[in-house]
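Q: Can you read through this structure? Questions will come right after.
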Amino acid sequence: MGFALKKFLAAVLMPLPLIFLFALIGFFSLFTKRYKLAKLSFGGAFILLLLFSSDPFAHYFAIPLEQRYTKIEDPQSYGIDHILVLGAGHDESAFRPLSSMPSDSAMKRLAEGILLHKQLPESQLILSGYQGRQKHSHATIQAKVARAFGVAKGSIMLQTKPRDTMEEALQYKKRFGDTPLFLVTSAVHMPRAMAIFEKAGLHPVAAPTDFLTTNSVRWYGFGGGNIQVVQQVWHEYLGLVWYKFRGYI
């Protein structure tokens, strides 16, 4: 019930649905001849659309989460041989080649995990993620991609049941105890992931990837991609509130 409620709220309380809600209120107000409310609603929808699609807002909205942890410079110095790559969804549609089955975020996370593994030949690459509505689990698809990129089968371990970050942390702890690990996930998701793993009594070292921010922000730039960035960051803030409420962090 909690998992389904979390997913429902995450889908509804997003920037685009919020803009649509303002627009719907505006249209309803026009039909009911409440013109002042209509102006306010349409004005609110326009301002939100302008704000969420701007480069500066998307960039600075993401910075507090994304730049809390830095990239791994020298993985050998940590003495860690477990690399956990968190799940990020996939699509097994028949027209997609294997390289297009993982989501963009999933591919970037996997690439970072593989790069770390290549620098630590004795390490275990642990891939995580459940099946969802697909034929195979996310971890299984990620493993197929990893093997296609040359990772030995014996170096890969799977967590096929976890549906979210909390379950990924608990599954890791059940299998490996408090063994230190490199935690690979998207930079914007890393603060929540680190808080969850540390709350579970684990010892993760952040290995962020899939960054949304950049050093070259266009102050005059606007685009639909910025709305997507805002949605991802908004999702993380909602996730932090939800997990704090549930006592997971």
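Each row is one residue, and each column tells you yes or no for (1) touching a strand residue (DSSP E or B) at 6+ places or on another chain (Cβ under 8 Å); (2) over 23 Å from Ile196 (Cα atoms); (3) not assigned by TED's automatic domain parsing to the domain that holds Lys173.
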{"residue": "Ala62", "(1), (2), (3)": "no, no, yes"}
{"residue": "Asp81", "(1), (2), (3)": "yes, no, no"}
{"residue": "Phe95", "(1), (2), (3)": "no, yes, no"}
{"residue": "Leu98", "(1), (2), (3)": "no, yes, no"}
{"residue": "Leu125", "(1), (2), (3)": "yes, no, no"}
{"residue": "Gly129", "(1), (2), (3)": "yes, no, no"}
{"residue": "Gly150", "(1), (2), (3)": "no, yes, no"}
{"residue": "Ser155", "(1), (2), (3)": "yes, yes, no"}
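Q: So, one more: Within the bounds of the stretch 75-85, is there any residue that is touching a Ser or Thr at 6+ places or on another chain (Cβ under 6 Å), surrounded by fewer than 21 Cβ atoms within 10 Å (Cβ to Cβ) and farther than 21 Å from Asp164 by Cα?
A: Taking every residue of the stretch 75-85 in turn, at least one turns out to be touching a Ser or Thr at 6+ places or on another chain (Cβ under 6 Å), surrounded by fewer than 21 Cβ atoms within 10 Å (Cβ to Cβ) and farther than 21 Å from Asp164 by Cα.
Q: Still on this structure: Could you please find all residues in the stretch 200-235 being at pLDDT 90 or above and either surrounded by fewer than 14 Cβ atoms within 10 Å (Cβ to Cβ) or within 19 Å of Ser128 (Cα to Cα) (or both)?
A: Ala200, Gly201, Leu202, His203, Pro204, Val205, Ala206, Ala207, Pro208, Thr209, Asp210
Q: Can you tell me how many residues in the stretch 43-71 are surrounded by fewer than 17 Cβ atoms within 10 Å (Cβ to Cβ) and either of a type in the set (Ser, Thr, Tyr) or within 30 Å of Pro204 (Cα to Cα) (or both)?
A: Of the residues in the stretch 43-71, 7 are surrounded by fewer than 17 Cβ atoms within 10 Å (Cβ to Cβ) and either of a type in the set (Ser, Thr, Tyr) or within 30 Å of Pro204 (Cα to Cα) (or both).
Q: On to the next question. Kindly provide the set of residues from the stretch 170-203 that are without any contact (Cβ under 8 Å) to a residue 40 or more places away in the chain and within 24 Å of Glu122 (Cβ to Cβ), ordered by number.
A: Matches in the stretch 170-203: Lys173, Lys174, Arg175, Gly177, Asp178, Phe197, Leu202, His203.
Q: Also: Closer than 30 Å to Ala58 by Cβ and in contact with a Pro (Cβ under 8 Å, 6 or more places away or on another chain): which single residue out of Leu181, Leu170, Leu240, Leu212 fits that description?
A: Result of the check over Leu181, Leu170, Leu240, Leu212: Leu240.
Q: Cβ contacts < 6 Å: first residue of a type in the set (Val, Ile, Thr), restricted to the stretch 50-67; second residue surrounded by fewer than 19 Cβ atoms within 10 Å (Cβ to Cβ), any location; separation 6+ or different chain. Result?
A: Ile63/Thr213
Q: Could I ask something else about it? Within the stretch 156-166, can one find any residue that is over 18 Å from Pro102 (Cα atoms) and not small (Gly, Ala, Ser)?
A: Yes, that holds for at least one residue.
Q: Follow-up question, since we're still on this one. Against the definition (within 23 Å of Arg68 (Cα to Cα) and part of a loop (DSSP other than H, G, I, E, B)), how does Val188 come out, yes or no?
A: yes
Q: Given the criteria surrounded by 18 or more Cβ atoms within 10 Å (Cβ to Cβ), more than 19 Å from Trp234 (Cβ to Cβ), out of contact with any Cys (no Cβ under 7 Å at 6 or more places or on another chain) and of a type outside the set (Ser, Thr, Tyr), does Phe176 qualify?
A: No, not satisfied.
Q: So, one more: With the requirement that a residue be acidic (Asp, Glu) and over 22 Å from the mean Cα position of the chain (by Cα), what does the stretch 75-128 give you?
A: Asp81, Glu122
Q: Taking the options Glu92, Glu112, name whichever one is of a type in the set (D, E, K, R) and within 29 Å of Val217 (Cα to Cα).
A: Being of a type in the set (D, E, K, R) and within 29 Å of Val217 (Cα to Cα) holds for just one of Glu92, Glu112, which is Glu112.
Q: Shifting gears a bit: Restricting the search to the stretch 100-116, which residues are of a type in the set (S, T, N, Q) and within 18 Å of Leu212 (Cα to Cα)?
A: Ser103, Ser105
The values are calculated or read from the model by the stated rules, or taken from the named source; none is laboratory data. Given the structure is predicted, the values throughout are model-derived calculations rather than measurements. Note that we place each Cβ from the backbone using ideal geometry, even for glycine, and neighbour counts take in every protein chain shown.
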